[in-house]
Structure formats: structure tokens, C-alpha cells
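Below you'll find the structure, written out as C-alpha cells, and then a few comments.
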Number of protein chains: 2
Amino acid sequence: MKIINTKEKGIILILVSLLFTFCAYAQPPKTLAEQLGFPKDSKLLIIHADDMGLAQSVNAACIKAFNEGAITSGSIMVPCPWSLDMIDYIKSHRGMDVGIHLTMTAEWDLYKWGGITPADQISSLLDKNGYFYPAVEALGKAAKAEEAERELKAQINKVIESGIQPTHIDTHMGSVLANPELVKIYLRLSEEYNLPILFPKAYIGWLPPEISKVLESKGFLLDNLFMLEPSMIAGRWIDPYKKAIEGLKPGLNQIIVHIGYDNDELKAICKGHDDYGSAWRQKDLDLILSSEFKDLLKKNNVILIRWGQIRDLMEKN
Amino acid sequence: MKIINTKEKGIILILVSLLFTFCAYAQPPKTLAEQLGFPKDSKLLIIHADDMGLAQSVNAACIKAFNEGAITSGSIMVPCPWSLDMIDYIKSHRGMDVGIHLTMTAEWDLYKWGGITPADQISSLLDKNGYFYPAVEALGKAAKAEEAERELKAQINKVIESGIQPTHIDTHMGSVLANPELVKIYLRLSEEYNLPILFPKAYIGWLPPEISKVLESKGFLLDNLFMLEPSMIAGRWIDPYKKAIEGLKPGLNQIIVHIGYDNDELKAICKGHDDYGSAWRQKDLDLILSSEFKDLLKKNNVILIRWGQIRDLMEKN
């Protein structure tokens, strides 16, 4: 039996150390799924209701969907007439996962809102009647960055000051994607409030490099976002959703639904607009409450998660 | 036959002239009813719906009541979420008799509004969240007259600029009666826009002499105003109304009703408030649509009129 001498021992020790170091560095970083405690290649899915606070009909539908576990997250439109009602419910029903649906547009013809900041301080965001512009294009052209930031902070602050800890921020009709300056604000708000933002990886290529670099460093961008669009509607209401769910890949996925009860209030709000209108929202609600949809999620081994889990991860890191 | 001489002729002529002049002056002035073409002692009655624009439920009820002839006039709350919807309907359905329900209070807990003027310009009217105060007392103490006038003019102007000719102005929860300075504004607005205002004669005694004198000179003050109050409710819903209608006297009378459909939207708005709440408004609506109520009006020889008739008279004079 050969006895190794002190010099050889030293060399072996160094080699072993190097090997450990190499292994540590060579180990691929943990996926978001792993960081959340799920298997590496999990298909994580957030089922998200937009437009909370828009109307009583929408609030009632979101409450129903949350209570039935049919949505995992939602986000609230702070400037809308029914936001106080929604905030009040969320405050007294902890556990609802709710973010801020940053709002700088008002798209319905006869049911309008402006900002929650005094109009003189955000005049570039408002039309001559004091309402937000109906479309993102007009907003993108007119919005002064500092005024947009003022209003968006006010929206987040109002929710926080009410006693709710929001889980994420996203954006109504893509308001904050209306121009690159607004995207920068969106990123700053994420940093400042330490909240994840909804941003699909696929959109990064459209942005100026100074913005895309910052975004790429984020660990919580969406690998895939699905939102039903009018052009996709064919056959049964579930069909495009089925296609989307069956095509889900490992990573962070989100499905956005627009839910509400097709009643007199919502019909009157959406009058003249079939897309994302009153009947549409009832169909989305019926869909997510159906056992067929729930079975679809089960069959496809989807792991439902909430934005709050991602926010908690951000806080830890 | 005695022939009268020239001197005597002159005296007779003077006497006859004096007699005619005396008779002209001694003739009692025409009553409002006569000026409107009705018999002198007519019991004129305006059946008036308050709070148009408050909610979809209220708008729909007011439209139903107008179309059935169950109300003759109504007034709109311009700062409320559903005012645009109401204005749009009025514009395309000429003949609806609509005034401005001057609004400086927001009384529901979770469904709020502020002014339509930029908040910085009317800060004395608003609470820390930018909403109107819920009660008239707080408004009366805080309101700066020039800010109140700015907001109230904006409310009237918005309706006029939309293409509607309002028929009168009145006031939500008595906002403009909250202090004497506000009453003066109310009178100035009536002069400036040449619109009649709702003001019951019985209230005149409460006012400082410089205001009551101006009011007394108006020809269109209400001889009697009836609005159902919680303390009056006993027996059937119609009972206090029956008492009021059977007790009507000749002159200008108004009954104010609060109508709406007792649906999810209105229930949620009025939650926690039974007085003038959702069920209350359904009962008022059912009442005025009932044949029993219509028969009651007929039996009591009431002449239904609109505020527009009084406005037209003001314009003529």
C-alpha cells in the first residue's frame, strides 16, 4: 500500500476544491419553478382576471371566480367607479391575490373616468373633457412621462394606503407600453415598489436596448402570455383556450380572462362593443367556472400559481 | 234733455280714465296656472325624479318612467359615473324634461365621485381622497363660495354644451342650501342661465332678508313640495303619497320620487343604507307606474306640468 506524502495530499486537496468550485459554477441556475419549490420543468400558470373595479358586474364575477378557485390572481383599475367597492372586499377577504392594473385609458363610449390625480397635474393624459383617451395610440403621443409617473404612483399608493399589499403590477390595454418612456416608468415602478410586473419575454425584442437589457435581468418575465383575441374565436368558446393550454411549455405562463355578468349594467357599459364586451365576459366567466376547463388544466399537468408567490421570491432575493 | 257742456265732458273723460286705470291696477295678477293657460285655481303638479345619472339602474328606471308618463320632469347629477349615458339618451330623445341636479355631496360609502372641475380648483369641496363630502353639514362648513360657483357652473355648462337645453336647476341633498352664500349662488345661477330653481316658499323664512327678498320676487316658487321621508312610512307604500295628493292645494306643487331597479348594481351602491336605498327606489318606481297611483292623480283633479313650461314662461316675461 502506497502512502501518499504531504505534497501529494496538498495537490489532491486543491484538485478536489477546484472540482467542487467547478461543479458549483457549472450547475445551471435554478428555474423559477424550482425556486418556487416545484419540479424544474413545471408548467406554471397564472389565471388572471383583468379589470377589477370596472363595474359592479365585474367585481361580482371576480369575487365568484376567486372563491371558486377559477382565477389565481387579478388586478384592479383604481380610477374606475367600482374600485372602492373592490378594495373594500379585498381588505376584508385576505388571501385574494390582487395587483394594480395601471390605467391610463378609458375605452367605453359613455362610461368614462380620468385619473385620480388632480386633472391640472396630469393634463397631458386627459382629453378636453377630463377623461383618459380611449386608445393607447393617443395616450402614447400625448403623455408627458412625469405626469404619467405621478398618476401611476398615485394608483399604486391608493391601494397600499387602503391597507392592501398588492402582488404585482400590470397594465390596462397596454397603457404603459404606449411609448418607451412609459415602459421605463413601468420598470422603475417595479423596482421602487419591489413588485413583479407582467412582461412577456416575446415583447423584449421590440424595445430599445437600454430597456431590454434591464428587462432581461429580471427573473420573472412571462415565458408565454395568452389572451383571447377576436380573431381567434371559432367553434366553441373553449377551443382557443384548449389549444393554448395544450400547447403550454415549462416556465411561467399566464392566461388573462375578462369576466363579468352579462347584466343590464355591463350591457350598457359595453354597448356597441362586442370585443371584450358584456356577452364576451359572461362567456369567459362561464368557461373558467366549468368542469371542462378545470379538467383541461388537470389533464395538462398545469401548476396553478399566484403573482404573490413571485413577489415573495423577489423579496427573498 | 240736459246738454252737458265742454267742461263737464272733460271731467267725465278724466273720471272714466281714472276708473279704467284703477280697474287695471286692481285686477289681481294672473296666477301661475293662468299664465300657463289653466284655470286660476288649478292644482299644478310636477312629478320629479331625482338622481338621474347616478347609476345604470336609475337611468333605466327614469327612462321607463318618462316613457310611461309616470314622471314629468327629472334632474341629472352631472359628476356621477352614469351621467354621460343619461345625457346621450336625452339628446336622442327630445321632449324629456330634464334639469341639473346640482351636486356637491357623495353620500354612498363605496361608490363615490368628486367634481368635474380639476380638483385643485375646488379643493374646499373635496375630502382628502378627492371625493365630495358625504353630508351637507361638512360641505356647508368647508365650501368656499367661489369654488362652489365654479363647480356648479361647470355642471350646468357640461349639459348645455352637450346640446341639451336644461329646464330647471335643483339640488342634490340640498347641497346649495348648505349655507347662505351657497343659496346666493343658487339664485345667481337661476338669473344667469334664465332657469327656474326648485325652491319651496316655506323655506323662505329661514333665510337672511337680503336673500328672501330676491326669492319672494320670483313667480315660480313651489307652494308645496312633497318628498317621502323615512318617518312617514307606515302601512302601504302609497299611503303617505295618497295623503299628500289628497291634500294638494291650488298652486305649484312638486312630488319628488327616487326611482331605480332593485338589482345587483343598485343594491351594491346603497349597501348599508335603507333610506332612499335600492328597495326604496324600486318601491317608488312600482308606485308611480301603478294604475292606483295614476287613478289617485285623476281623482284629485291634478294638472301635471313640466319644469319646461315654467322656464318658457320665464323666457316670455
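Assess whether A:L285 counts as being at pLDDT 95 or above, open to solvent by less than 50 Å² (accessible area, probe 1.4 Å) and more than 30 Å from A:K40 (Cβ to Cβ). Quick ask: steps written out before the conclusion?
Numbers: at pLDDT 95 or above: yes; open to solvent by less than 50 Å² (accessible area, probe 1.4 Å): yes; more than 30 Å from A:K40 (Cβ to Cβ): yes.
Judged against the criteria, A:L285 is a match.
Number of residues in the stretch A:36-86 that are within 14 Å of chain B (Cβ to nearest Cβ), within 12 Å of A:L102 (Cα to Cα) and in contact (Cβ under 8 Å) with a residue 60 or more places away in the chain: the value is 4. For the stretch B:180-239, which positions are polar (S, T, N, Q) and surrounded by fewer than 17 Cβ atoms within 10 Å (Cβ to Cβ)? Within the stretch B:180-239, B:N194, B:S212, B:S217, B:S231 qualify. Any residue at all in the stretch A:266-274 that's more than 14 Å from chain B (Cβ to nearest Cβ), within 19 Å of A:I63 (Cβ to Cβ) and modelled with pLDDT of 95 or more? Taking every residue of the stretch A:266-274 in turn, none turns out to be more than 14 Å from chain B (Cβ to nearest Cβ), within 19 Å of A:I63 (Cβ to Cβ) and modelled with pLDDT of 95 or more.
Scanning the stretch B:252-274 for residues that are open to solvent by 20 Å² or more (accessible area, probe 1.4 Å) and outside any loop (DSSP other than H, G, I, E, B) gives B:D264, B:K267, B:A268.
Just to be sure, is A:A61 open to solvent by less than 10 Å² (accessible area, probe 1.4 Å), within 17 Å of the chain's Cα centre (by Cα) and among the small types (G, A, S)? Answer is no for this residue. Would a scan of the stretch B:212-227 turn up a residue that is assigned to a helix (DSSP H, G or I) and closer than 18 Å to B:S290 by Cα? For the stretch B:212-227, residues assigned to a helix (DSSP H, G or I) and closer than 18 Å to B:S290 by Cα: absent.
For the stretch A:155-188, what are the residues that are outside any strand (DSSP E or B), touching a residue at least 40 places away in the same chain (Cβ under 8 Å) and of a type in the set (A, V, I, L, M, F, W, C)? Residues satisfying the conditions are A:I156, A:V159, A:I164, A:M173, A:V176, A:L177, A:A178, A:L182, A:I185.
Residues in the stretch A:127-142 that are within 23 Å of the chain's Cα centre (by Cα) and within 14 Å of chain B (Cβ to nearest Cβ) were compared, and the one that is nearest to A:M173 (Cα to Cα) is A:P134.
Of all residues in the stretch B:1-47 being hydroxyl-bearing (S, T, Y) and either over 22 Å from the mean Cα position of the chain (by Cα) or at pLDDT below 90 (or both), which is most open to solvent (accessible area, probe 1.4 Å)? Working first, answer last.
The initial filter retains those residues of the stretch B:1-47 that are hydroxyl-bearing (S, T, Y), namely B:6, B:17, B:21, B:25, B:31, B:42.
Checking the rest, the ones that are also either over 22 Å from the mean Cα position of the chain (by Cα) or at pLDDT below 90 (or both) come to B:6, B:17, B:21, B:25.
Numbers: B:T6: 117, B:S17: 61, B:T21: 68, B:Y25: 186 Å².
Of everything passing the filter in the stretch B:1-47, B:Y25 is most open to solvent (accessible area, probe 1.4 Å).
Of the residues making up the stretch A:264-277, not a single one is among the hydrophobic types (A, V, I, L, M, F, W, C) and closer than 30 Å to A:N301 by Cβ.
Before we move on, is B:I303 among the β-branched types (V, I, T) and surrounded by fewer than 21 Cβ atoms within 10 Å (Cβ to Cβ)? Spelling it out, B:I303 is indeed among the β-branched types (V, I, T) and surrounded by fewer than 21 Cβ atoms within 10 Å (Cβ to Cβ). The residues in the stretch A:91-117 that are open to solvent by less than 10 Å² (accessible area, probe 1.4 Å), within 13 Å of chain B (Cβ to nearest Cβ) and either under 25 Å from A:N253 (Cα atoms) or of a type in the set (G, A, S) (or both) can be counted, and the count is 1. The residues of the stretch B:143-179 that are open to solvent by less than 40 Å² (accessible area, probe 1.4 Å), more than 14 Å from every other protein chain (Cβ to nearest Cβ) and aliphatic (A, V, I, L, M), listed by number, are B:A143, B:A145, B:A148, B:L152, B:I156, B:I164, B:I169, B:V176, B:A178.
The values are calculated or read from the model by the stated rules, or taken from the named source; none is laboratory data. None of these values were measured; they are calculated from a predicted model. So basically every Cβ, Gly included, is an ideal-geometry build from the backbone, and we count neighbours across all protein chains shown. Accessible surface areas use protein heavy atoms only, side chains included; no ligands, DNA or RNA. Shrake-Rupley method; radii C 1.70, N 1.55, O 1.52, S 1.80 Å.
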